[in-house]
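Here's the structure we're looking at; comments come further down.
Each value in this text was obtained by applying a stated rule to the coordinates, not by laboratory testing. Bear in mind the structure is a predicted one, so any value in this text is a computation, not a measurement. Here the Cβ positions follow ideal geometry from the backbone for every residue, glycine too, while neighbour counts run over all protein chains shown.
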Amino acid sequence: MIVVAWTVRTMLDREARERPEIRTALIARELTRYTIDIAALSETRMADEKSIAEPKGGYTFLWRGKARDKDRVHVRKTGFSA
């Protein structure tokens with residue numbers, strides 16, 4: 001069994017789309033290509049708590065993110081804090 005952690009930066013497609021099928025299909029294709037069984041994806045920027053099955057890739061994406069009305073955009077912090 002191969003388990004990985006992958007920073008995807010975003011899984012959002014366009015604001016007008018309710019479901020991000022396109023991004024999940026691309027990610028599923030890469031997971032299949034590298035024969036990954038389980039992947040922990042970070043920085044997905046997905047809202048709420050839901051799941052999407054990607055049957056062609058054989059993966060199910062599960063996530064829990066901030067509420068839809070909250071800002072989900074990464075803000076780069078400058079400086080160093082100890």
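Brief remarks on what is shown
- Enumeration of residues in region 49-61 that are surrounded by fewer than 11 Cβ atoms within 10 Å (Cβ to Cβ) and either farther than 15 Å from Leu31 by Cα or touching an Asp or Glu at 6+ places or on another chain (Cβ under 8 Å) (or both): Glu49, Ser51
- Residues (of a type in the set (A, V, I, L, M, F, W, C) and under 11 Å from the mean Cα position of the chain (by Cα)) located in region 44-65: Met46, Ala47, Ile52, Phe61, Leu62, Trp63
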